[in-house]
1. Please report the spacing between the Cα centers of segment A:129-188 and segment B:73-97 in Å, no decimals.
2. Report the Cα-based extents of segment A:27-133 along its three principal axes, largest first, to the nearest Å.
3. What is segment B:198-256 by shape, rounded, prolate or oblate, if you read a ≥ b ≥ c off the alpha carbon gyration tensor as root eigenvalues and call it rounded for a/c under 1.5, prolate for a/b larger than b/c, and oblate otherwise?
4. Principal axis lengths of segment B:3-118 from Cα atoms, whole Å, largest first?
5. Short version: ³J(HN,Hα) in whole Hz for each residue of segment B:203-216, in order, from phi by Karplus 6.51 cos²θ - 1.76 cosθ + 1.60 (θ = phi - 60°), x for Gly and Pro, what are they?
6. Over chain B, calculate the relative contact order: mean separation of alpha carbon pairs under 8 Å at least 6 apart, over the residue count, as a percent.
7. Calculate the mean, over all residues of peptide B:11-23, of how many other protein chain Cβ atoms lie within 10 angstrom of the residue's Cβ.
8. Roughly how large, in nm² to one decimal, is the mean projection of the convex hull of the alpha-carbon atoms in chain A?
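Just so it is clear, none of the values below were taken in a lab; they were calculated from the coordinates. From a predicted model like this one, the values you see are computed outputs, not experimental measurements. Reconstructed Cβ throughout: ideal geometry from the backbone, glycine too, with neighbour counts over all protein chains shown.
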Amino acid sequence: MIEAAKTIRAGEEMLAEIERRSGQDVSSCYQCGTCSSTCTATLAFDYPPHLFMRLLQLGLVERALASRTAQMCYDCMTCSSRCPVGIDVADVIETTKNIADESGRSRPPKEVALFRRLFLRNVCRHGRLHEAGLLAWYNIKSGQFFNDLSLVPLVLRKKKVHLVPPRIRQRRELRRIFRQAKTKPGAK
Amino acid sequence: MSKYAYFPGCSLASSSMEYDTSFRLVAREFGIELQELDDWNCCGASPAPHHWVEVLGVLLAARNLHIAGAGEAPLVAPCAGCYNRLKHAQYKLERNQELRRQTSEVLGEEVRYQTEVLNIVKMLNREIKPGALAERARERLAGVRLAPYYGCLLVRPAEVIGYDDPRDPKKMEPLLRATGAEVPHFALKSECCGSYMGLARKEIVLRASHRIIEAAVAAGIDALVTACPLCQQNLDLRQGQINRAFGTSFRLPVLYFSQAIGLALGASPEELGIDSLAVEPDVDRWLKGAA
């Protein structure tokens, strides 16, 4: 009994934290499902947005923190623009993800994490994104050697690809930015 | 003569060069001076805030705001993604003193972040009167059905962007109508194309973009018009992948806003980089139809 009470209490506290940081009132969601009907990412989610909100309402915050929904939402904010109550659903999901990240409760699927990491490494190195380099590294590192290879003749024909990476002058400043961000991951 | 600092961003400097070319052409035609921002860097795009919680995205965008802040001119970012990140950084810096301090520390001086930032739609609406465009366009695109497709980052979140309606945006319409084109309502104009998941979770992009193309074709639309390089690539460059995945044979051109305006001004398809689109529209037929 006492354990159960503790769990409920912890859930309530975490929900209050999510509501405080996002500025949203989770309890005002009445489960109409509009957010889920408009969401393009449900394919990659374990809980569509309205069920994600329901988890929070029920105090099952740990499940929300560990969910693929929190990790995979790419923030198109369509749900937020459609919510009849005016809840910024995307902000609630993003805030949950931030808390999950800070406490190491969950990680994105490995391909998605890899893509984000390689993207940022690429930017850190050159100051600007080198698209051809990103595709090459992603395919090598993920072992999906043929991913988007069908696009290569097309982008070559359309001259949409630069083989030499772009470079900014102040790359040292860029590296300072990355170092600063790394040491302060929780800054909001 | 109006003057703007110009933030092309990584896409316009490489895979979406036709957006850069056509934007510069339209600016030149209307006597707008664009000064490319010196030594600009990647805005952080979506992976920065998603990977390292916010702060990296703000710092990367802030460096560009800081460079722009040294001059007087407002900053224009035609890429919807860059525009969104720059506005977002501005919004956060305005409200968070600690973030401001941290940013100033990295930059080595007090961060200048208050330069006005505009997207292409807001900027061209400010600089070009529909009447003036219509006069030069002489109904060149009459009979062509061009539907604006806004996507997400150009209009959301409303409290950060503060321009146009986040669900039912309309601000591309006056100038598009001035080209002579018919501008039908497109129900999916602010739906998501699948964002940056093209490599890591291709099925998301293919499904989301397929839905948009299918709806546009069903509505008898000749081409979609967008202001976002990522949307453009998902809908255009990946249209072959979409057709293979869904057994369809769509050939729906997806133009940049500046290309549509450029065509109305009488610029040639080559000058506007129309031949860089994966699905090329039959411009000759469009122009003949109007003649």
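1. Between the Cα centre of segment A:129-188 and that of segment B:73-97, the gap is 22 Å.
2. Largest to smallest, the principal-axis extents are 47, 27, 21 Å.
3. In terms of gyration-tensor shape, oblate.
4. 44, 30, 21
5. Using θ = phi - 60°, the values come out as 4, 5, 5, 4, 5, 5, 6, 4, 4, 5, 5, 4, 5, 5 Hz.
6. Numbers: 527 pairs, mean separation 56.8, N = 291.
That works out to 20 percent.
7. Details: counts 3, 0, 5, 11, 9, 2, 4, 3, 0, 0, 0, 0, 0.
Other-chain Cβ atoms within 10 Å of each residue's Cβ, averaged: 3.
8. On the way: hull surface 55.5 nm².
The Cα convex hull of chain A, projected and averaged over all directions, gives 13.9 nm².
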